Each structure stands twice: as C-alpha cells, then as structure tokens.
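Since the structure comes first, as structure tokens, the remarks are kept for the end.
The values are calculated or read from the model by the stated rules, or taken from the named source; none is laboratory data. All values reported here derive from a predicted model rather than from experimental measurement. Heads up, the Cβs are rebuilt from the backbone with ideal geometry, glycines too, and the neighbour counts pull from every protein chain shown. Only protein heavy atoms, including side chains, enter the accessible area calculation; ligands, DNA and RNA are left aside. Shrake-Rupley method; radii C 1.70, N 1.55, O 1.52, S 1.80 Å.
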Amino acid sequence: MENLVKTFLIKHRDFIHAGKASIEIKNILKALNTPPDIIRRVAVCGYEGEMNVVMHAQNGRLNLELSATKIVICITDKGPGIEDIEQAMQVGFSTAPDEFREMGFGAGMGLPNMKKNADRFEMTSIPGEGTTIKMEFKTGDRK
Amino acid sequence: MILKARFLFGRELCSKEVLNVGASDLMSDILAADSAGSLLLTGLTTQQVIRTASIAGASAIVLIRGKVPHQAIIDLAREENLPLLTTPLSMFVASGRLYMHELKGLDNGR
C-alpha cells in the first residue's frame, strides 16, 4: 500500500464538527481493508483527541500517517497545556467545565482510554503553549 | 416490542441480532468499553451520540424518555447509516427490560 499523510484542522468549541476527522479516518481505513479492531482503536483515540482539543485548546490539528506497518495519529494543539501529566492520565481526573460533561465528555476518561487503545502513546506538553499526543498502531503487513 | 420504541431512522437496516447493550449518557464510557455491535441506550441527543456510536461500532441507538432530536441529528444518523429509535421508557426501565430479555452489557457483563 502507498503511504498516506492527511491533516485535519480542529477548532475550539466546534462541537458540531467534533469527531468528523475520526469518522473520515475510520472510512479511509475501512476502504483499505484494515482489520475492524484496529479501525475501532484508531477511531476511538482520534475522537477522544479531537474532543480534548475542542474542549480545552484554542485550536489544533490531527495528523494521520499510514505506512506499510503502522498507523500514526499525531494531535497537536495551541492551548493551556498540561501542568501535571501524571495527574492528567489518571482515570476520572478532568478540568473540563460542566457544559462539556453535559455533552457526554469531560469525565476524565479520554487520555487513559487513548493510552489503553494505542500500541504506543506519547504525550508532551508545555504549560501556556500547548500539547502534543502521538499514538501508534501496528498493522502488520497491510497489502 | 421490548422497548415500545419507534424508528426515527433506519428500520430497514435492522436485520442483525444485538446481544450487548451499553446504557450511558457518558460517551467516554461507551468509547472505553468494547461496544462493537451493541445497542446504545442514551438520554443525550447531540451530534456526539451519533459520532460515538459510529466510532464505537454500535449497531443502533435508542433515545430514552421519548426524546426526538433535532432534524440535523437524525440526518447525521442517516449519513452514518445508524438506526435511531426513541422509547418512551426511562433509562432504568429500558435497561431492566433488556436485561430480562437476556441481553448482556458491554464487555459481555451480566
């Protein structure tokens, strides 16, 4: 399979479109006959990442990279950043305001769920500047 | 019918048997479990319900307490090919009835 790189822009508070990038990624992977379990894990991670940018950052971008053996999702945002990454990774810890909880998000599940679903999860953050999350998924030898 | 539900979209798409149900207003809980093939029971009526169900691979969505969402949400369900229903029952009663009919929770919990 040829390598593919695609970038999606994510805007703060754009709940109407939040998740669209991940649905498009799901459809791309489906068209490439990626195993359903991998598609689901990639889409879940992308979606949780999109929601984080929509809820917390000013804006961001999601970068999708496909190669023969892996899928890489990189989400970078300009935003408040994360002071204490260890605390942010704890299930149930959240700084999201109630209005986001009313939409079914912001309950402190996203980051741990992303880490659980990705084969490799890296997060770097600079308080006051932004956060970058890189996730890798092994696909084996895709035809 | 167990839930006294009516279709808002996708009656003709429902041919597969559903064995698992996830009942939650917290979309992250649905995304954190193995929701593939399940029925999503929820009181939320936003775009995120449809996108969550699509990404989690749910087979259908049932809105509780007779909720009928905005037309844009029904259109989004159509776009995602996801059957969308509404039941007059509450979350508790709807869940209880499904449980009585041998349905399992997400991750096959019982």
In segment B:44-62, residue most open to solvent (accessible area, probe 1.4 Å) [restricted to those that are more than 10 Å from chain A (Cβ to nearest Cβ) and not hydrophobic (A, V, I, L, M, F, W, C)]: B:Thr45
Residue satisfying all of: in segment A:20-70; away from every other protein chain (no Cβ under 14 Å) and in a strand (DSSP E or B); nearest to A:Asn117 (Cα to Cα) among these: A:Lys70
From the options B:Leu82, B:Leu41, residue that is open to solvent by less than 10 Å² (accessible area, probe 1.4 Å) and in a loop (DSSP other than H, G, I, E, B): B:Leu82
Qualifying residues in segment B:63-79 (those that are hydrophobic (A, V, I, L, M, F, W, C) and open to solvent by 30 Å² or more (accessible area, probe 1.4 Å)) - the one nearest to the other protein chains (Cβ to nearest Cβ): B:Ala72
Filtered residues of segment B:26-38 (kept if more than 11 Å from the chain's Cα centre (by Cα) and assigned to a loop (DSSP other than H, G, I, E, B)): B:Leu26, B:Ala33, B:Asp34, B:Ala36
Positions within segment A:1-19 being of a type in the set (A, V, I, L, M), touching a helix residue (DSSP H, G or I) at 6+ places or on another chain (Cβ under 7 Å) and either part of a loop (DSSP other than H, G, I, E, B) or closer than 16 Å to A:Ser67 by Cβ (or both), in sequence order: A:Ile16, A:Ala18
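To keep it simple, each residue is scored yes or no on (1) free of Cβ contacts under 8 Å to residues at least 40 places away in the same chain; (2) out of contact with any strand residue (DSSP E or B) (no Cβ under 8 Å at 6 or more places or on another chain).
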residue: A:Tyr47; (1), (2): yes, yes
residue: A:Asp77; (1), (2): no, no
residue: A:Gly128; (1), (2): no, yes
residue: A:Glu136; (1), (2): no, no
Qualifying positions in segment A:110-131 - open to solvent by 40 Å² or more (accessible area, probe 1.4 Å) and over 16 Å from A:Lys70 (Cβ atoms): A:Lys115, A:Lys116, A:Thr124, A:Ile126, A:Pro127, A:Gly128, A:Glu129
Residue ID - modelled with the lowest pLDDT, chosen from residues in segment A:1-33 that are surrounded by fewer than 22 Cβ atoms within 10 Å (Cβ to Cβ) and β-branched (Val, Ile, Thr): A:Ile16
Test result for A:Gly108, within 13 Å of chain B (Cβ to nearest Cβ), among the small types (Gly, Ala, Ser) and either out of contact with any Phe, Trp or Tyr (no Cβ under 6 Å at 6 or more places or on another chain) or under 20 Å from B:Ala32 (Cβ atoms) (or both): yes
Given (1) buried (at least 21 other Cβ atoms within 10 Å of the Cβ); (2) of a type in the set (A, V, I, L, M); (3) touching a Gly at 6+ places or on another chain (Cβ under 9 Å), number of the condition B:Ala36 does not satisfy: (1)
Qualifying residue in segment A:35-54 (condition: open to solvent by less than 10 Å² (accessible area, probe 1.4 Å), touching an Asp or Glu at 6+ places or on another chain (Cβ under 8 Å) and not polar (S, T, N, Q)): yes
